[in-house]
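Some notes on the structure that comes next.
Please treat every number below as a calculation from the coordinates, not as lab data. The structure displayed is predicted, hence computed values, not measured ones. Please note: Cβ atoms are built from the backbone with ideal geometry, for glycine as well, and neighbour counts cover all protein chains shown.
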Amino acid sequence: MVRYAEPGTVQWVDSGGGPLVAVPETVLPFWTGADGEETASDYDRACEVDGQVGLLPVGDGVALVFGEEPASTAFLPDQGVFVRWSAADSEAELLAGVPAALQVAEWSPEVRWNVPGPVRLFDAARPGNADPGAGQVRIALAPGRYAVRAARVQPGPETWLGLVQLRRLA
């Protein structure tokens, strides 16, 4: 489900309890979610990702999996970062903590993600060809290779968040 805060603010994607994925639009029809016909569905494969982020092949592309916890997630294009809401009294409080969190984050090792263009962020249990307005957010990434790293940060006494930063490589 996509949650909208106040008009003009970020769009949050929620999970039904499992991981979220960012799948390139070019391979959306190949993401079967929990409905896969194989022994292990795409959702099952996403649940097996160890760590805060991981990569999974989808068709001739690669999806980015947001692991560890089913936190509400939004993309902040100005910072090139996905923000994962672990704990905060309000969206404003959480977003206000992002700049400080970026400064003090202890990042996990990077993974390299080749992106052919825009991706869709959604619950890994949903098929990629589901109605785009129903629980998906489009992230307008430029085609290219990205370094992806993640961190958990506590920028305030009652605020915890996850960060997944994308850095475009030359």
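Can you tally the net charge around GLY16? Count Lys and Arg as +1, Asp and Glu as -1, for every other residue whose Cβ sits under 11 Å from the Cβ of GLY16. Can you show the working numbers first?
Working: positive: ARG126; negative: ASP14, ASP123.
Result for the neighbourhood of GLY16: -1.
Please give the peptides 90-102, 19-31 ranked by average Cβ packing (other Cβ atoms within 10 Å per residue), highest first, as a rough proxy for protection.
Values: 90-102: 16.6, 19-31: 22.6.
Descending packing order for the listed peptides: 19-31, 90-102.
If each residue of separation counts as 0.36 nm, what is the full-extension length gain between ALA142 and ASN114 once their alpha-carbon separation is subtracted?
Using 0.36 nm per residue and subtracting the Cα-Cα distance, I get 9.0 nm.
Distance between Cα centroids, segment 47-81 to segment 93-170: provide it in whole Å.
7 Å
Rounded to the nearest 500 deg cm²/dmol, what is the calculated helix-only ellipticity per residue at 222 nm for the chain, with -39500 (n - 2.57) per DSSP H run of length n ≥ 4? Intermediate values should be presented prior to the final figure.
Numbers: 3 runs with 19 residues, N = 170.
That comes out to -2500 deg cm²/dmol.
Which ³J(HN,Hα) values in Hz, rounded to whole numbers, follow from the phi angles of segment 78-87 under the Karplus curve 6.51 cos²θ - 1.76 cosθ + 1.60, where θ = phi - 60° and Gly and Pro get x?
5, 9, x, 9, 8, 10, 10, 7, 8, 7
Could you run the Karplus curve 6.51 cos²θ - 1.76 cosθ + 1.60 with θ = phi - 60° over segment 43-59 and give me ³J(HN,Hα) per residue in whole Hz, x for Gly and Pro?
With the stated coefficients, segment 43-59 comes to 4, 4, 4, 5, 5, 7, 5, 9, x, 6, 9, x, 10, 9, x, 9, x Hz.
Within the set of other residues whose C-beta is less than 9 Å from the C-beta of LEU163, count the net charge using Lys and Arg as +1 and Asp and Glu as -1. Can you show the working numbers first?
On the way: positive: ARG84, ARG149, ARG152; negative: none.
Around LEU163, the charge tally is +3.
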